[in-house]
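Everything below concerns the one structure shown next.
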Amino acid sequence: MAIEKVNLADATISINAKSNAAAVEVITCLVGELSFSKGEREFVTEACHTGESTGTGIKRYPEGEFTIIFDSSNTYGAQVMLEAALNHTGDFANDNTLEFEIEFNNKKTELGSGALMKTEMLIGSFTANITAQGDSKITCRYKQMTDYTLTAAA
């Protein structure tokens, strides 16, 4: 089977609170790139009388950031949800985990779906960058909490 390339063009990016998977919001205009990880382990080396022993430590996940277009009327559902995730309010009051999903634009059949990439994250910052000309933007910093999963296109 040939390698299949994907990009974010025409992808559907959706978010929801882990505690309320049915209340999904779509990020309609994400700026730039996304970066998700399968995790990273530090190497741990112990010196002993026969030389050294090397193993790996706990799996950790990186921080990243993404940027969306700013809605000054504060009615854009994804923007409202990201702010709630930061403040641990609404659906995030008891569990502050955000589920982030990308469906790429590569579905195989009319009723199928594109490749799905999912991960869980915590939102650590929410910053409005207001410009004199052009689009103002919101930048969110996140901490990835789990491996991303990838489901092939159908």
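So the values come out like this:
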| item | result |
| --- | --- |
| Phe104 vs. criteria aromatic (Phe, Trp, Tyr) and open to solvent by less than 40 Å² (accessible area, probe 1.4 Å) | yes |
| Sole residue being surrounded by fewer than 16 Cβ atoms within 10 Å (Cβ to Cβ), within 21 Å of Asn16 (Cα to Cα) and small (Gly, Ala, Ser), chosen from Ser136, Ser72, Ser113, Ser125 | Ser125 |
| Inter-residue pairs, beta-carbon under 8 Å, first within 19 Å of Arg60 (Cβ to Cβ) and in region 32-49, second of a type in the set (Phe, Trp, Tyr), 6+ apart | Leu34/Phe66; Phe36/Tyr148; Ser37/Tyr61; Ser37/Tyr148; Lys38/Tyr148; Gly39/Tyr61; Glu40/Tyr61 |
| So Thr89, is it over 20 Å from Gln144 (Cβ atoms), at pLDDT below 95 and out of contact with any Lys or Arg (no Cβ under 6 Å at 6 or more places or on another chain) | no |
| Unique residue being part of a loop (DSSP other than H, G, I, E, B), of a type outside the set (Val, Ile, Thr) and loosely packed, with under 10 Cβ neighbours inside 10 Å when the list is Ala2, Ala47 | Ala2 |
| Some residue of region 14-24 being at negative phi, assigned to a strand (DSSP E or B) and of a type in the set (Lys, Arg) | no |
| Only listed residue being of a type outside the set (A, V, I, L, M, F, W, C), on the phi < 0 side of the Ramachandran plot, in contact with a helix residue (DSSP H, G or I) (Cβ under 7 Å, 6 or more places away or on another chain) and not in a helix (DSSP H, G or I), chosen from Asn74, Asn96 | Asn96 |
| Pair list, Cβ < 6 Å and 6+ apart or interchain, from region 134-154 residues that are more than 18 Å from Leu30 (Cβ to Cβ) to residues that are polar (S, T, N, Q) and open to solvent by 20 Å² or more (accessible area, probe 1.4 Å) | Ala153/Asn106; Ala154/Ser113 |
| Residues (open to solvent by 40 Å² or more (accessible area, probe 1.4 Å) and either touching a residue at least 60 places away in the same chain (Cβ under 8 Å) or under 13 Å from the mean Cα position of the chain (by Cα) (or both)) located in region 10-24 | Asp10, Thr12, Lys18, Ser19, Asn20, Ala21 |
| Where Leu111 falls short, out of the listed (1) touching a strand residue (DSSP E or B) at 6+ places or on another chain (Cβ under 7 Å); (2) of a type in the set (A, V, I, L, M); (3) without any contact (Cβ under 8 Å) to a residue 40 or more places away in the chain | (1) |
| Counted residues, region 99-139 - those being part of a strand (DSSP E or B) and more than 10 Å from the chain's Cα centre (by Cα) | 11 |
| Residue in region 51-69 that is out of contact with any helix residue (DSSP H, G or I) (no Cβ under 7 Å at 6 or more places or on another chain), on the phi > 0 side of the Ramachandran plot and part of a loop (DSSP other than H, G, I, E, B) present | no |
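The values are calculated or read from the model by the stated rules, or taken from the named source; none is laboratory data. Small disclaimer: the values here were computed from a predicted structure and weren't measured. Here the Cβ is made from the backbone with ideal geometry for all residues, glycine too, and neighbour counts use every protein chain on show. Ligands, DNA and RNA are excluded from the accessible area calculation, which covers all protein heavy atoms including side chains. Shrake-Rupley method; radii C 1.70, N 1.55, O 1.52, S 1.80 Å.
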